[in-house]
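Below is one structure; the comments refer to it alone.
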Amino acid sequence: MPEHLSTGVSTPNPRLYSPRNLKRYRHLVVGLSHRLAWKVDNTRIADLYAHHLAPTHLEVGPADGHFLTQAPNPTGPGGEPFPPSLRQIHLLDLNPAPLARCARLLGERAQVITHEHDVLTSPWPLADDSVGSVAMFHVLHCAPGASLRHKHTAFSEAARVLPETGVFIGSTLLGAEDVHTHNNWLARRLQAAYNRPGRNIFHNTQDRLVDLRAMLDLHFTDVELTVMGAAGVWVARGPIR
Ligand SMILES: C[S@@+](CC[C@H](N)C(=O)[O-])C[C@H]1O[C@@H](n2cnc3c(N)ncnc32)[C@H](O)[C@@H]1O
């Protein structure tokens, strides 16, 4: 990557991602914001987890662990929550409370390894080819960078830790300037507030679908990228290093 696209360094926000806020995250963010502001279909995200989680999985930015811990067992007869096939889960997050909460929720159901680490800092503390799936939902719009091209480390590191057969799933909210959020009044108002300097909630004003496509294509050979409300959603295979 050219030097002018050097990746930034994120500042933790433990007041926002506090144990108290994480308890209401599911209701306020997943329940209300996803539906009313971002127009994101939670069922579709849950389906991506159900179809793509590998026995050894990396979850980037779990917050309250909602989608990961609710993932149904795609092979089980009753669709019981949480795939029993999951053996080892790596959780990577900038803030300590999501790691602690998600690890506690996962309990004894898998071996859980936590990494307090910035998604933009290379290398991630995982070996090459070490996980079968990586999920990164609604993390990149929280990470600083003048555009999604400046967040390229997140894509190159996901490609590095996945083997040839691995899959990278995720979504990120596109900035208010992107044509896909332009007609969504509530999304634009909230994004303006969350992007206000000093708040350290969102950093996605210039995040555009065209750059998301470019970053995924740079690091994966087989990319499905679609728009869902204000978000770009992807399933990427065939990591390129
Ligand atoms: C908006 S929540 C998304 C939660 C969850 N993935 C979902 O889709 O509901 C953002 C999560 O990413 C974490 N996070 C924010 N910036 C990060 C960064 N630079 N590196 C790693 N994790 C980060 C937050 O602590 C939080 O757990």
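The values are calculated or read from the model by the stated rules, or taken from the named source; none is laboratory data. Since the structure is predicted, the reported quantities are computational estimates derived from the model, not experimental observations. All Cβ positions, glycine included, derive from the backbone under ideal geometry; neighbour counts span all protein chains shown.
Yes or no, residue by residue, for (1) within 19 Å of the chain's Cα centre (by Cα); (2) within 29 Å of Asp129 (Cβ to Cβ); (3) modelled with pLDDT under 95:
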{"site": "Arg188", "(1), (2), (3)": "no, no, yes"}
{"site": "Tyr194", "(1), (2), (3)": "yes, no, yes"}
{"site": "Arg199", "(1), (2), (3)": "no, no, yes"}
{"site": "Thr205", "(1), (2), (3)": "yes, no, yes"}
{"site": "Leu212", "(1), (2), (3)": "yes, yes, no"}
{"site": "Leu216", "(1), (2), (3)": "yes, yes, no"}
{"site": "Met228", "(1), (2), (3)": "yes, no, yes"}
{"site": "Trp234", "(1), (2), (3)": "yes, yes, no"}
{"site": "Pro239", "(1), (2), (3)": "yes, yes, no"}
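Would you confirm whether any residue within region 123-132 is surrounded by fewer than 20 Cβ atoms within 10 Å (Cβ to Cβ), of a type in the set (S, T, N, Q) and within 13 Å of the ligand (Cβ to nearest atom)?
no
Please enumerate the residues belonging to region 179-200 that are touching a helix residue (DSSP H, G or I) at 6+ places or on another chain (Cβ under 7 Å) and surrounded by 22 or more Cβ atoms within 10 Å (Cβ to Cβ).
Thr181, Ala187
Can you name every residue in region 36-54 that is within 13 Å of the ligand (Cβ to nearest atom) and more than 16 Å from the chain's Cα centre (by Cα)?
Result: Ala37, single match.
For region 84-121, enumerate the residues that are outside any helix (DSSP H, G or I), in contact with a strand residue (DSSP E or B) (Cβ under 8 Å, 6 or more places away or on another chain) and hydrophobic (A, V, I, L, M, F, W, C).
Result: Leu86, Ile89, Leu91, Leu92, Leu94, Ala110, Val112, Ile113, Val119.
Suppose we filter Ala143, Ala100 for residues that are within 12 Å of the ligand (Cβ to nearest atom) and within 12 Å of the chain's Cα centre (by Cα); which single one remains?
Selected residue: Ala143, the only one of Ala143, Ala100 that is within 12 Å of the ligand (Cβ to nearest atom) and within 12 Å of the chain's Cα centre (by Cα).
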